[in-house]
Amino acid sequence: MSDRKDDMNPGQPDWDDLKGLWQESPAVDLGKLARNARLVWWRMRIIAAFEMLCCIAGALVFAYMIYDAESNAQLVFGVFGVLFSLGGGYGCLWVRRNAWGAPDDNALSLVRLQINRAEAAIKYVSLNNWLGLGAVAIFPLAYWVIHDGTRELTPERLDNFNKMVVVAAIVMGVSIIGLWPYGKRKKRELAELKELERQLLDESD
């Protein structure tokens, strides 16, 4: 049965077998950590895949703008968009660089993996804040493009553009503010995991 599960989910640890080993370890809530590790294993990969698709799609859209540019404004906007999309995608992978693995068959390994994942989540929140600040440059560039003289700028078109800018600004603000509670929760979780790591190290001495 174990071989069949490995064939169906290549690279995924056998959480049920590992949890049984962790339950023989010191009296901490390792079952809860194991369930969380299983959830995070899937969630992190799904979210990262979605982010990469969005970043690649964004880079392609901006690359086409460079290819089809009719003004310096469109060219600069396209270059900024490509760099921003690719940089954001790289950053999302970079902050998770130590959080992809699976734990060994002991409690300390599980706790240390969860520490790495909590630290990655905190870095992710910080990255999101910096990307949000960097995205502010999109607004003046977008107004430069809309006023570059390559299209007829009617009052109705300008009004629609202004509404799009407001919506984009709201989405950015919500993205930054909405992750603050998550970041604070992860900092508390990290402190608890560090203490648990210390207890496990003391018990192993």
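Miscellaneous remarks
- Checking segment 163-176 against the condition returns no match, with no residue being more than 28 Å from Phe77 (Cα to Cα) and of a type outside the set (D, E, K, R).
- Set Ala118, Ala102: member being touching a Leu at 6+ places or on another chain (Cβ under 9 Å), at pLDDT below 90 and under 30 Å from Leu190 (Cα atoms): Ala102
- Check on Val40, of a type outside the set (Lys, Arg) and surrounded by fewer than 19 Cβ atoms within 10 Å (Cβ to Cβ): yes
- Residue ID - farthest from the chain's Cα centre (by Cα), chosen from residues in segment 172-205 that are surrounded by 12 or more Cβ atoms within 10 Å (Cβ to Cβ) and of a type in the set (A, V, I, L, M): Leu200
- Subset of segment 41-66 that is of a type in the set (Val, Ile, Thr) and in contact with a helix residue (DSSP H, G or I) (Cβ under 8 Å, 6 or more places away or on another chain) - its residue that is farthest from Lys123 (Cα to Cα): Ile66
- Residue count, segment 54-106 (criterion: among the β-branched types (Val, Ile, Thr), within 21 Å of the chain's Cα centre (by Cα) and farther than 28 Å from Arg43 by Cβ): 1
- First in segment 151-174 and outside any helix (DSSP H, G or I), second anywhere and β-branched (Val, Ile, Thr), Cβ under 9 Å, 6 or more apart: Leu153/Ile146
- Scanning segment 112-150 for residues that are outside any helix (DSSP H, G or I) and surrounded by 12 or more Cβ atoms within 10 Å (Cβ to Cβ) returns His147, Asp148, Thr150.
The values are calculated or read from the model by the stated rules, or taken from the named source; none is laboratory data. The structure displayed is predicted, hence computed values, not measured ones. Cβ: placed from backbone, ideal geometry, glycine included. Neighbour counts: every protein chain shown.
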